[in-house]
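Chemist: My questions will all concern the structure given below.
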Amino acid sequence: MIPPYRVVTPRLVLRCWQPTDAPRVVESITASLDHLRATMLWAANEPQSVEDKAQLLRKFRGQFDLGQDFIYGVFDRDEANVLGGCGLHPRVYEGGIEIGYWIDARHLRQGYATELTAALTRVCFEVLKLDRVEIHVHLDNLASQGIPKKLGFIHEATLGRRCPSPNGVGARTIWTMFRDAYQPTIAVEAFDCLDRRVL
Ligand SMILES: CC(C)(COP(=O)(O)OP(=O)(O)OC[C@H]1O[C@@H](n2cnc3c(N)ncnc32)[C@H](O)[C@@H]1OP(=O)(O)O)[C@@H](O)C(=O)NCCC(=O)NCCS
């Protein structure tokens, strides 16, 4: 099943990127470069031009529509500002999905990563009916580990030399929420590609 195209939380809108978002996401990434380059491999190629970013957003959009990978923009409620990006990645073993996220450097420590992760976790269990939600984090990335910890994910494993990062390959921590341990923690509305409410 394809995840919702639009997810609305108390403070955020998560929605499938559009090419027309390119100028705003370039501005957000440019303002966040040092912050993103510390942990995200893709940030080495930033900042992209608006034209190149529009092509990348077309690819994300295409993958979303084809049901391959689900990368969302994170916006404030009126969609005036890009606050970050996140994704549902079906690259883990069947029955599960991996959540990824980044937040604009100007909006850190306001609980946005926690809020979007709580909302996507709810979507995964209540809309997609999955059995397992995973978050994979480099051992040194303590900020990111704070999100699954706060939401009650269990630390299932730390696997040596399995996590490429801008500082070389390191250990990968795997945090998991299983369906039977899950409790909804946040109000969420979610809409499919026809803008029908699915949650
Ligand atoms: C990791 C990241 C997404 C956190 O975003 P955020 O919106 O600031 O996170 P939250 O405000 O929801 O923080 C939740 C908890 O995580 C922990 N945390 C977040 N940032 C932290 C930091 N810099 N240092 C230590 N703990 C931190 C805290 O426990 C925090 O709770 P608290 O603020 O009540 O103490 C953000 O720092 C980021 O974009 N980093 C670069 C990209 C990245 O590393 N992505 C994850 C790859 S796995």
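What follows is calculated from the coordinates using simple rules that are stated; it is not laboratory data. Here the structure is a predicted model, which is why all the values come from computation and not from measurement. Here the Cβ positions follow ideal geometry from the backbone for every residue, glycine too, while neighbour counts run over all protein chains shown.
Chemist: Quick check: anything in the stretch 46-53 surrounded by fewer than 18 Cβ atoms within 10 Å (Cβ to Cβ) and within 13 Å of the ligand (Cβ to nearest atom)?
Modeler: The answer is yes; a qualifying residue exists.
Chemist: I need every pair where a residue in the stretch 159-186 that is free of Cβ contacts under 8 Å to residues at least 24 places away in the same chain has its Cβ under 8 Å from the Cβ of a residue that is part of a strand (DSSP E or B) and surrounded by fewer than 12 Cβ atoms within 10 Å (Cβ to Cβ), sequence separation at least 6 or different chains.
Modeler: V169/R161
Chemist: How many residues are in contact (Cβ under 8 Å) with a residue 40 or more places away in the chain and in a helix (DSSP H, G or I) when one looks only at the stretch 1-28?
Modeler: Number satisfying all stated conditions: 6.
Chemist: Related question: Of the residues E126, E134, E115, which is closer than 20 Å to R15 by Cβ and touching a strand residue (DSSP E or B) at 6+ places or on another chain (Cβ under 8 Å)?
Modeler: Going through E126, E134, E115 in turn, just one is closer than 20 Å to R15 by Cβ and touching a strand residue (DSSP E or B) at 6+ places or on another chain (Cβ under 8 Å): E115.
Chemist: Still on this structure, I have one more. What residue, of V13, V8, is over 22 Å from T176 (Cβ atoms), within 17 Å of the chain's Cα centre (by Cα), of a type in the set (V, I, T) and within 16 Å of the ligand (Cβ to nearest atom)?
Modeler: V13
Chemist: Show me the strands (runs of 3 or more DSSP E) entirely contained within the stretch 112-199 in which 3 or more residues are within 12 Å of the ligand (Cβ to nearest atom).
Modeler: By residue number, 132-138, 154-165, 168-178.
Chemist: What is the residue count in the stretch 76-98 for residues that are within 15 Å of the ligand (Cβ to nearest atom) and without any contact (Cβ under 8 Å) to a residue 40 or more places away in the chain?
Modeler: 5
Chemist: Collect the residues in the stretch 99-129 that are buried (at least 17 other Cβ atoms within 10 Å of the Cβ), closer than 28 Å to A38 by Cα and not hydrophobic (A, V, I, L, M, F, W, C), keeping them in residue-number order.
Modeler: G100, Y101, D104, H107, Y112, T114, E115, T117, T121
Chemist: Consider G84 against the criteria (1) part of a strand (DSSP E or B); (2) of a type outside the set (D, E, K, R); (3) over 13 Å from H35 (Cβ atoms): it satisfies all of them except one. Which criterion is unmet?
Modeler: That leaves (3) as the condition not met.
Chemist: Then there is this: With respect to Y101, is the statement that it is in contact with a Lys or Arg (Cβ under 7 Å, 6 or more places away or on another chain), of a type outside the set (G, A, S), within 14 Å of the ligand (Cβ to nearest atom) and not in a loop (DSSP other than H, G, I, E, B) true?
Modeler: No; evaluated as a whole, the condition is false for this residue.
Chemist: Scanning the stretch 164-179 for residues that are more than 20 Å from the chain's Cα centre (by Cα) and surrounded by 15 or more Cβ atoms within 10 Å (Cβ to Cβ), which turns out nearest to E94 (Cα to Cα)?
Modeler: So, considering only residues that are more than 20 Å from the chain's Cα centre (by Cα) and surrounded by 15 or more Cβ atoms within 10 Å (Cβ to Cβ), the one nearest to E94 (Cα to Cα) is A171.
Chemist: Cβ-Cβ under 7 Å, sequence separation 6+ or interchain: first residue in the stretch 43-65 and farther than 10 Å from W17 by Cβ, partner outside any helix (DSSP H, G or I). Which pairs?
Modeler: So the pair list comes out as A44/P166; Q63/D69.
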